[in-house]
1. In the neighborhood of residue 78, defined by Cβ-to-Cβ distances under 14 Å, what is the net charge if each Lys or Arg adds +1 and each Asp or Glu adds -1?
2. Straight-line reach only, C-alpha to C-alpha below 15 angstrom: list the aspartates and glutamates that residue 92 could link to, leaving out same-chain residues fewer than 8 apart.
3. Quick one: Karplus J couplings for segment 117-122, per residue in order, coefficients 6.51, -1.76, 1.60, θ = phi - 60°, nearest Hz, x for Gly and Pro?
4. For residue 148, what residues show an amide H to amide H distance below 5 Å, using hydrogens built from the backbone and excluding near sequence neighbours?
5. Compute the length gained on full extension between residue 76 and residue 41: take 0.36 nm times their separation in residues and subtract their Cα-Cα distance, giving the result in nm to one decimal.
6. Counting Lys and Arg as +1 and Asp and Glu as -1, what is the net charge of the other residues whose Cβ lies under 14 Å from the Cβ of residue 115?
Amino acid sequence: MNFYYSIGVKILYKKILVGYDGSEGGERALSRALEISKESNSELCIVTVIPPASVIVGEILSPDVINTAAIMESSRKKLSEIASKLESQGYKIRFDVLSGDPGDTIVNYAESNGCDLIVLGRRRLSKFERLILGSVTNKVAGKSMSADVLVVP
């Protein structure tokens with residue numbers, strides 16, 4: 001069992017946001033957030049952010065080509081299944097599927113909903129992908145003023 005200390009004082013988080021996208025990094029982040037949530041008896045907010053269609057495919061294709069609503073509905077269904085499973089194990093779960101810039105949306109959600117910890121998985125982006133897409137983790141870590149940020153490798 002892990003404990004989270006800051007200057008010798010155990011930190012208990014009340015509300016934890018985990019950024020979840022279904023990737024390996026997202027799965028690791030969810031697993032770590034569950035450990036912390038169990039120790040802290042805190043609420044866990046699982047959030048998936050669907051970026052604008054132009055970010056998904058670049059500006060070459062029209063945003064109409066990608067059915068963002070279908071992607072959001074599919075994500076909602078997946079998160080609902082995860083939430084049901086975790087609630088049956090005694091976790092306090094809340095989930096949301098949002099649209100927008102992932103970094104900004106995660107920070108805004110955390111601030112609006114009183115989250116005191118944000119847990120994100122690290123993705124292995126190439127230099128080109130980081131240049132074009134940027135890093136959600138870097139953006140969240142740089143902009144979060146009201147929540148600690150934990151990056152799970």
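Taken together, the values in this text are just the output of simple stated rules run on the coordinates, not laboratory data. Since the structure is predicted, the reported quantities are computational estimates derived from the model, not experimental observations. Please note: Cβ atoms are built from the backbone with ideal geometry, for glycine as well, and neighbour counts cover all protein chains shown.
1. Working: positive: 76, 77, 85; negative: 21, 27, 73, 81, 96.
Around residue 78, the charge tally is -2.
2. Filter leaves 35, 39, 43, 81.
3. Those phi angles translate into 8, 10, 10, 10, x, 8 Hz.
4. 117, 118
5. Additional length available on full extension: 10.2 nm.
6. 0
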